[in-house]
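Asks: Take this structure first; my questions come after.
Rule-based calculations on the coordinates, nothing more; no lab input. What you are looking at is a predicted structure, and each value in this text was computed from that prediction instead of being measured. Backbone-built Cβ (ideal geometry, glycine too); neighbour counts: all protein chains shown.
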Amino acid sequence: MNLKITCIPGDGIGPEIVAEAKKVLDVVAEKYGHDMQYTDILMGGASIDVHGVPLTEEAVETAKSADAVLMGSIGGDTTTSPWYKLPPNLRPEAGLLGIRKALNLFANLRPAVLYEELAEACPLKQEISGNGFDMLIMRELTGGLYFGERKTVEENGVRKAVDTLTYDENEIRRIAVKGFDIARKRRKKVTSVDKANVLDSSRLWRAVVEEVAKSYPDVTLEHMLVDNCAMQLVKDPAQFDVILTENMFGDILSDEASMVTGSIGMLASASLNDTKFGLYEPSHGSAPDIAGKDLANPIATILSASMMLRYSFDLDKEADAIDEAVKQVLRDGYRTGDIMSEGCEKVGCKRMGDLIVERIK
């Protein structure tokens, strides 16, 4: 199979972790008889340095011409980087928002899995984490507060900022359908998270989700207010299967869920449109403080590459090979610094990639 992949190394540790993911994809291609074709583009701070903008039209067109996009990380130190002295629409993260919009990537999938091998890294008590958990947060990605109209004005000598939260029923319906479809492949439970006791947008969200649920009688639907969900994630994470929610709530809850797994450096993500096309990236940030030091954990990016094989190319066997290799490396006691525990061997970014490659072979 010929796989055309656009790669966005990005900023900070991005180039290091993408390099390890490509190394893993190459050995999978060799073992299973596929052809990987990579094209790199600039985005974020790397694009600002060269082009003066976080995302160019040429980069967008290159991404659109591929079968999938694999990304590292975007952004830098917000207190010291000159990128953050620019207007908001020219900062690194504007490139990420822009490419999501341009590629119509409205559904973000963030698994939060507590691996048995990393149970000690979980910050929750053992009686709470129990035998682990496996949830998936389905976050609407192109609407809501992050894409609403915004302005900062001065009224009567007082500065005032306004951000607008807007959703229409079509935006809600399409993400709900994705959520219920994926739940059918898992444990058939959807927890729809909103703030319907306060927000009109949440009341519409809840109404549309209930309409969609009627077409999925085999899937259990429950509603949960976002503040309660935040508490339940640390009280009883095993209760969740698919968490379906809007953009800002999903942004916050997915980071919380990632930390109860032990490390955000372990968590992959996928952003999908209404075809097989998707953008795959780790859930963590650019970690500029450790960039170039061979300290980054590449596993989240490698698992993102596995999701790419599974969702964009329907190569389940190849994705399973990557997932199992990651588990085997963890069983064998190898850890990067962020997931290090007593009795394990600490390795760097490149070595972790090599160990996963060896087990795939």
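Asks: Find, among the trypsin sites (Lys or Arg not before Pro) in the stretch 219-293, those assigned to loop by DSSP (not H, G, I, E, B) with at most 15 other beta-carbon atoms within 10 angstrom.
Replies: Qualifying residues, ordered by number: 276, 293.
Asks: Sort 218-225, 133-140 for me by packing, meaning the mean count of neighbouring Cβ atoms within 10 Å per residue, highest on top. Provide the component values of the computation, followed by the final result.
Replies: Details: 218-225: 15.5, 133-140: 24.5.
Put in order of decreasing packing, that is 133-140, 218-225.
Asks: On to the next question. Under 21 Å from the Cα of residue 151, which lysines turn up, not counting those fewer than eight places away in the same chain?
Replies: Within the straight-line limit of under 21 Å, residue 151 reaches these lysines: 85, 101, 160.
Asks: To the nearest 0.05, what FRET efficiency results for residue 30 and residue 211 with a Förster distance of 45 Å applied to their C-beta separation? Intermediate values should be presented prior to the final figure.
Replies: Working: r = 48 Å, r/R0 = 1.06.
Using R0 = 45 Å, I get an efficiency of 0.40.
Asks: Another question, if that's okay. Would you kindly derive the ³J(HN,Hα) couplings of the stretch 255-262 from the backbone phi angles with the Karplus curve 6.51 cos²θ - 1.76 cosθ + 1.60 (θ = phi - 60°), listing them in order in whole Hz, with x for Gly and Pro?
Replies: These are the phi-based 3J(HN,Hα) values: 5, 4, 4, 5, 6, 6, 7, x Hz.
Asks: Using unit Cβ charges (K, R positive; D, E negative) and no other charged atoms, how large, in debye to the nearest 20, is the dipole of the chain about its Cα centre? The partial results should precede the final answer.
Replies: Working: 42 positive and 57 negative charges, 69 e Å.
Magnitude of the dipole: close to 340 debye.
Asks: Taking the simple approach of a point 7 Å from Cα along Cα-to-Cβ for both residue 62 and residue 358, what is their distance in nm?
Replies: 3.4 nm
Asks: When the Kirkwood radius is taken over all Cα pairs of the stretch 123-260, what Stokes-Einstein diffusion coefficient follows at 25 °C and 0.890 mPa s, in µm²/s?
Replies: Values: Rh = 16.0 Å.
This corresponds to a translational diffusion coefficient of 153 µm²/s.
Asks: May I pose another question? Roughly what % of DSSP beta bridges within the chain run antiparallel, to the nearest 5?
Replies: On the way: 21 of 50 bridges.
Around 40 percent antiparallel, to the nearest 5.
Asks: On full extension of the chain, what length is gained from residue 4 through residue 38, given 0.36 nm per residue of separation minus the C-alpha to C-alpha distance?
Replies: Numbers: separation 34, 0.36 × 34 = 12.24 nm, distance 0.63 nm.
That works out to 11.6 nm of additional length.
Asks: What lysines could a cross-link reach from residue 189, if we take a straight Cα to Cα line under 21 Å and drop same-chain neighbours fewer than 8 places away?
Replies: By straight Cα distance, residue 189 reaches 178, 214, 235.
Asks: Between residue 350 and residue 328, what length in nm is gained on full extension when 0.36 nm per residue of separation is reduced by their alpha carbon distance? Write down the numbers at each step before the final one.
Replies: On the way: separation 22, 0.36 × 22 = 7.92 nm, distance 1.69 nm.
Between residue 350 and residue 328, full extension yields an extra 6.2 nm.
Asks: Along Cα→Cβ, 7 Å out, is where each label goes; now give me the distance between the ones at residue 158 and residue 200 in nm to one decimal.
Replies: Simple spin-label model gives 2.3 nm for this pair.
Asks: With unit charges on the beta carbon (Lys/Arg positive, Asp/Glu negative), name the residue among 284, 273, 182 whose Cα is farthest towards the positive pole of the charge dipole of the chain.
Replies: Value: 182.
Asks: Same structure, new question: If you put +1 on each Lys and Arg Cβ and -1 on each Asp and Glu Cβ, how big is the dipole of the stretch 302-344 around its Cα centre, in Debye rounded to 20?
Replies: Working: 5 positive and 9 negative charges, 15 e Å.
Using only the charged Cβ atoms, the result is roughly 80 debye.
Asks: Between residue 227 and residue 184, 0.36 nm times their residue separation minus their Cα-Cα distance comes to what?
Replies: Values: separation 43, 0.36 × 43 = 15.48 nm, distance 2.63 nm.
12.9 nm is the gain from fully extending residue 227 to residue 184.
Asks: If you filter the stretch 63-137 for trypsin sites (Lys or Arg not before Pro), then keep DSSP loop positions with at most 11 other Cβ within 10 Å, what is left? Numbers along the way, then the final one.
Replies: Working: sites: 64, 85, 100, 101, 125; in loops: 125.
Counting only loop positions with at most 11 other Cβ atoms within 10 Å, the trypsin sites (Lys or Arg not before Pro) in the stretch 63-137 are 125.
Asks: A further question follows. Straight distance only, please: which aspartates and glutamates reach the Cα of residue 276 with their own Cα at less than 18 Å, same-chain residues fewer than 8 apart left out?
Replies: The qualifying aspartates and glutamates are 61, 67, 140, 181, 314, 316, 318.
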